[in-house]
């Protein structure tokens with residue numbers, strides 16, 4: 001998770017101290033509401049930041065996405081595979097480009113070729129957005 005852009009290294013350290021080493025650990029805790037609440041209290045990380053970390057972890061688990069593009073995806077309001085695959089590759093690249101421009105993002109925007117790889121083994125939830 002330390003590869004995610006825009007994440008405070010102190011938060012990553014607090015998560016490691018609490019036993020959260022990677023995206024799989026984050027998703028396991030996120031799925032368990034009592035553990036999630038306990039982790040928030042133990043680390044002092046705000047729910048908003050914890051939610052962003054969980055979203056980044058979900059997105060990074062999509063084949064070929066990795067940590068590089070999760071920032072621009074979140075900025076576009078895409079917080080997981082379900083919302084990601086509501087787009088077609090073409091509409092997603094267009095949306096990400098618009099968001100990067102509107103918000104003056106410095107994080108990289110994937111190309112159509114890169115985004116198409118994300119869809120290679122996936123079935124879109126709702127095609128055509």
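Bear in mind that the values in this text are calculations on the coordinates, not laboratory data. Small disclaimer: the values here were computed from a predicted structure and weren't measured. No Cβ is skipped: glycine too gets one built from the backbone with ideal geometry, and neighbour counts run over all protein chains shown.
The table that follows gives values for the structure above.
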| quantity | calculated |
| --- | --- |
| Folded to 0 to 90 degrees: helix 89-102 orientation relative to the chain principal axis, Cα | 70 |
| Burial ordering of 57, 116, fewest other beta-carbon atoms within 10 Å first | 116, 57 |
| Å³ per residue enclosed by the Cα convex hull of the chain | 102 |
| Selected from 35, 104, 22 as most flexible by GNM, with the chain as the system and alpha-carbon contacts under 10 Å | 104 |
| Between 0 and 90°, nearest 10: helix 47-60 axis offset from the chain longest Cα axis | 50 |
| Packing-based exposure ordering (other Cβ within 10 Å, fewest first) of 95, 58, 28 | 28, 95, 58 |
| Paired Rg and Dmax values of segment 4-75, which use every Cα atom, in angstrom | 11.5, 33 |
| The chain: calculated mean residue ellipticity at 222 nm from DSSP helix runs of at least 4, using -39500 (n - 2.57) | -16500 deg cm²/dmol |
| Modelled label reach - residue 75, point 7 Å along Cα→Cβ, segment 85-125 residues with backbone N closer than 12 Å | 96-110 |
| Rounded tilt (10° steps) of 33-43 against the dominant C-alpha axis of the chain | 70 |
